[in-house]
1. Between ASP344 and ALA169, what FRET efficiency follows from the Cβ-Cβ distance if R0 is 30 Å, with the result rounded to 0.05?
2. Expected output is a single nm value to one decimal: the length gained when fully extending between TRP234 and MET417, i.e. 0.36 nm times separation in residues minus the C-alpha distance. What is it?
3. What full-extension length gain, to one decimal in nm, is calculated for LEU44 and GLU325 as 0.36 nm per residue of separation minus the Cα-Cα distance?
4. Can you list the residues, at least 5 places off or on another chain, whose amide H is less than 5 Å from the amide H of VAL420, using H built in the peptide plane?
5. What net charge do the residues around ARG194 carry, taking every other residue with its C-beta under 14 Å from that of ARG194, with Lys and Arg at +1 and Asp and Glu at -1?
6. Could you please rank TYR440, TYR244, placing first whichever residue has the fewest other Cβ atoms within 10 Å of its Cβ?
7. So, with +1 on the Cβ of K and R and -1 on the Cβ of D and E, and no other charges, what is the size of the charge dipole of the range 114-228 about its Cα centre, to the nearest 20 debye?
8. Residue by residue through the range 129-142, which ³J(HN,Hα) values in whole Hz follow from phi under the Karplus form 6.51 cos²θ - 1.76 cosθ + 1.60 (θ = phi - 60°), with glycine and proline marked x?
Amino acid sequence: MIRPARAQWTAIVALLPFLLAWGLLLQHLSIPWSLAPNYRFGWLVPALALYFLHRRWASAAALSSGPNPGAFPAALVCALLLLPVWWVRVAAPDWSVVSYALAGLVTGWTFFLFAWRGGWRFAGHFASPIFLILCAVPWPQRIEIAITQSLSRWVATMTVEMLQWTGIAAERAGNLISLSNGPLEVSSACSGVRSLQAMLMVSLVLGEVRQLSIARRTLLIASGLALALGFNVWRNYFLSVVAYSRGLEAVDQWHDAAGLCILLLSTLLLVYVSGRWMAPRAVEPTEARAVGPALRSYPLGMSAGFAAWFLVIAAGTEAWYRGHEDRAMRTSRLAIAWPADRTDFHFQQIPDDALNLLVATEARAASWKEAPDSRWILAAVRWAPGESCTQAARLHFPDVCLPAVGNIFVRDLPDTMIPVRGGALRFRVSEFVNRGTAIYVLYCLHEESNRDQNAPGLRQDWSGWSRIQRALVGQRNLGQQNLTLAIVGGEDVSEALRQVTRRLPDFVALVPAPGR
């Protein structure tokens, strides 16, 4: 009775460091999986990885060449580097460098430990399920924005061509398809990025299920991406026909159903392709005869040491940030006195689907005529302090939103500091154009409890060094507010900035933020 109990205890201790390391990674990834529709599929990936790991385990014993001591130092380095990466991650969870570093270190540590116990060939046998999680790590924002906007324009262009071939008058303006009864937007959801990301995962899963060779898996991924792009063009063509024949309001009734249909059709075709033209990898006789891995359990001391280290990482970083929060939460937030006395002032309704996408605590927008030849549009959004607020706030930039409604990006201009009551705000400045009309966009992202907002030595530009500085001063979970001011019309950017500098203090102020 003692030996079985001891064997169970040994197995639990051996699993504990894996559960803790992967728990840290999944805790981090769960935020973008919850906030960003593009990455909702990420919730399936851990379960699939576990299934594939179990599936490969039964045929792994014959591949073991015995312990490989050279792999242990690499595993140890990965574990040690988790501390600084997790420490910075708590302050800057939106930083793609942190996401990929965290995923790379956890998967690398796992891979090297497998190699340490069974050799490189044994570890390679499990590489596919170990590294599958990488397909669910959010892409770097700049890359994702560039791909989204390029695909949106390409989809809009192809859709317009198909409409014209079938006798429907249409033209493209940015990401808008202009029909005779109104404009139809090719939004980020319709750009094809979601389909690409979903089909990438489906391709990887099918390749693993059918045990395809690397070359055939690569071909399967290419086929999946091609199907995603092709079907997405047909989806937008179908929605355009619906908008043309039944009115723009009918598009909402078909939008989600059309997206689900193309995903199902793409998946079914990919399953057919993988089964019809892609033979599975030949199974080696030694693998076929294997009935179970002949590996000893990991040493208890090593398992307990790694488990203790991962607990130190979690507890130590929590203690660091808690020790700095008592003085980090007493600074400023933005207050807006909407200029209702201006000509043609009115609040603009924000659609429910946009509010759901923002995942914001508060959101409001208004427009008015500031001069006979220019209109100002001001949007203010707030995310209350919390672990997900930083990532939610940085999912939405003018670079993404404005091209989606037909505005064409022209250039980025130098950042500018503009005084408001109680302080000054740093704005990013960009120029767009819509049907020959210039649009100057000023964007500010303000962190409510950033006590070092105006400190001369602390950068506020969201660069890599500025994010590390946030960790050094112990700032995390700061409430976020953004202001987006679009100036439509007017003479030039210099005049627009002069007007904003003169008028902004009349209705924007920095006021003391309540403690938490």
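Here, each number is a calculation from the coordinates, and none is a lab measurement. Bear in mind the structure is a predicted one, so any value in this text is a computation, not a measurement. Note that we place each Cβ from the backbone using ideal geometry, even for glycine, and neighbour counts take in every protein chain shown.
1. Numbers: r = 32 Å, r/R0 = 1.08.
Efficiency computed from Cβ-Cβ geometry: 0.40.
2. Working: separation 183, 0.36 × 183 = 65.88 nm, distance 4.58 nm.
So the chain would gain 61.3 nm between TRP234 and MET417.
3. Details: separation 281, 0.36 × 281 = 101.16 nm, distance 3.52 nm.
Result: 97.6 nm gained on full extension.
4. LEU425
5. Values: positive: ARG40, ARG235; negative: GLU144, ASP256.
Residues close to ARG194 contribute a combined charge of 0.
6. Details: TYR440 25, TYR244 21.
The order, fewest Cβ neighbours first, is TYR244, TYR440.
7. Details: 9 positive and 5 negative charges, 120 e Å.
Taking the Cα centre of the range 114-228 as origin, the dipole is about 580 debye.
8. Rounded to whole hertz, the list is x, 5, 8, 4, 4, 5, 6, 9, 7, x, 5, x, 4, 4.
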